[in-house]
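What follows is a set of notes on a single structure, which appears directly below.
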Amino acid sequence: MTSSEDLHKRRLAAVAKGVGSVVNAYVDHARHGTITDVDGREWIDFASGIAVTTVGNAAPRVVEAVRAQVERFTHTCFMVAPYESYVAVCEQLIALTPGSFEKRAALFNSGAEAVENAVKIARHATGRPAVVVFDHAYHGRTNLTMALTAKNMPYKHRFGPFAPEVYRAPMSYPLRDGGRSGAEAARQAVDVIEKQVGGPNVAAVLIEPIQGEGGFVVPAPGFLPAIAAWAKANGAVFIADEIQTGFARTGQWFASEHEGLEPDLITTAKGMGGGLPIAGVVGRAELMDAVHAGGLGGTYGGNPIACAASLAAIETMRELDLAAAARRIESILKPALAEPADPGIAEIRGRGAMIAIELVLPGGIEPDATRTARVSRACHDAGLLTLTCGTYGNVLRFLPPLVISDADLGRGIEILHAALRS
């Protein structure tokens with residue numbers, strides 16, 4: 001069998017250097033909460049392909065559904081010859097997302113596509129140009145979503161100019177807010193929006209209920225409802241980017257539910273596909289239906305194989321009650337991260353199976369990106385796949401599959417503890 005070393009040599013000769021990887025071990029197979037590389041080494045997976053394999057890799061229902069769909073047909077393009085599974089996924093999005101109002105949905109390929117189309121819908125429905133986003137936000141890698149994303153390196157550096165009419169407001173970041181409440185942080189954000197943009201110009205306010213790449217930042221209670229209320233009062237569309245937080249990851253079907261939010265539009269992707277590329281926009285019918293026929297779509301959007309995988313993944317989440325599994329992972333992981341005490345850990349935060357630690361220089365909150373990188377590398381060397389994130393590069397994030405076993409979760413925690421000590 002080809003070794004990881006051999007494959008890496010081939011990669012260097014064939015794959016563009018701009019495509020990075022966390023580790024240079026090449027995967028042979030993966031199940032539940034582990035990945036095995038081509039050299040036979042097993043890795044505990046605290047990454048889930050960046051929150052994608054929520055139901056585990058090669059989940060039985062997903063495998064069965066994909067196999068059956070491939071044998072029937074692989075592609076027609078829903079815009080050419082439609083099929084039931086696309087409609088069924090939209091029905092599931094309508095049923096599962098918060099909001100008692102009438103809804104519609106549309107399917108796409110990736111989170112960035114979903115965000116871009118949500119902005120298109122908001123602009124078309126309101127006739128306004130401006131989009132408000134927040135500090136530390138991550139929304140994708142297309143030209144528009146790079147403009148929406150806050151972090152320069154590696155996402156935006158030398159890729160401009162970017163799409164116009166994007167404005168950034170301050171985010172509630174409790175660790176770095178000096179003790180501001182959610183209401184106070186919202187007042188500061190609204191003040192910036194009203195001074196720099198003006199309510200009548202805002203088409204949409206776009207926010208992650210828990211920020212992902214920005215550092216798993218959980219805004220102070222009350223911040224999100226206050227921002228949503230401002231959007232409603234000013235006729236702007238409130239869009240929740242639930243691409244990373246959605247589909248049971250935070251212990252609810254959607255993170256918006258933790259504060260009783262009913263966003264006008266919600267973007268979804270990642271965990272909804274069981275490992276296959278699929279994304280969606282779901283929300284108020286009057287907004288979704290405002291766009292003219294043909295204004296939304298794409299050749300591969302809602303591909304029948306991806307739709308089959310999505311329906312199987314959602315059924316798996318229901319059958320195994322993976323929202324409860326996420327809450328259970330939180331109940332194990334958070335206390336374990338708190339003991340033994342580490343003066344370099346400024347905060348343990350997150351919800352469900354979306355947990356992070358922010359590392360700082362002891363005695364303050366100055367980010368310690370160097371130690372963060374070293375701890376993550378030590379985890380990789382010991383067989384635990386982890387990811388870093390955060391505007392300052394000093395956050396370790398943990399996204400285990402929701403089907404991970406207690407044994408694998410425990411082993412991962414032991415490796416992490418050892419890495420922190422070292």
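Only the coordinates and a few stated rules stand behind these numbers; no lab work does. Not measured: the values here are computed from a predicted model. Virtual Cβ from ideal backbone geometry, glycine too; neighbours counted across all protein chains shown.
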Just want the answer: with Cβ charges of +1 for Lys and Arg and -1 for Asp and Glu, which residue in 255, 56, 265 is farthest toward the dipole's positive end in the chain? 265
Counted charge near residue 222, where neighbours are those whose Cβ lies closer than 12 Å (Asp, Glu -1; Lys, Arg +1): 0
Among 81, 297, 179 - extreme Cα towards positive end, dipole of the range 63-320, charges at beta-carbon: 179
Expressed as a whole number of Å, what is the distance separating the alpha-carbon centroids of the range 80-115 and the range 180-197? 32
Contact order relative to length for the chain, counting C-alpha pairs under 8 Å separated by 6 or more residues, stands in percent at 23
Let me spell out the model: positive unit charges on the Cβ of Lys and Arg, negative unit charges on the Cβ of Asp and Glu, origin at the Cα centre of the range 68-182. What dipole size does that give, in debye rounded to 20? 520
Using the Cα centre as the reference, give the magnitude of the dipole from point charges on the C-beta atoms of the chain (Lys, Arg: +1; Asp, Glu: -1; all else neutral), rounded to the nearest 20 debye. 820
Per-residue [θ]222 nm for the chain (sum of -39500 (n - 2.57) over DSSP H runs n ≥ 4, rounded to 500): -11500 deg cm²/dmol
Farthest towards the positive end of the dipole of the chain, among 95, 324, 287 and with Cβ unit charges of +1 on Lys and Arg and -1 on Asp and Glu, lies the Cα of 287
Of the residues 142, 386, 53, which exhibits the maximal mean-square fluctuation in a Gaussian network model of the chain defined by a 10 Å Cα contact cut-off? 142
Gaussian network model of the chain, Cα springs within a sub-10 Å range: biggest mean-square fluctuation belongs to which of 361, 409, 12? 12
The range 343-408 - charge dipole about Cα centre, Lys and Arg +1 at Cβ, Asp and Glu -1, debye rounded to 20: 120
Rounded, prolate or oblate: which fits the range 259-387, taking a ≥ b ≥ c as square roots of the Cα gyration tensor eigenvalues, rounded meaning a/c under 1.5, else prolate when a/b beats b/c? prolate
DSSP beta bridges in the chain [antiparallel fraction, %, rounded to 5]: 65
Treat the count of other C-beta atoms within 10 Å as a stand-in for reagent exposure and order 195, 120, 270 from fewest to most. 195, 120, 270
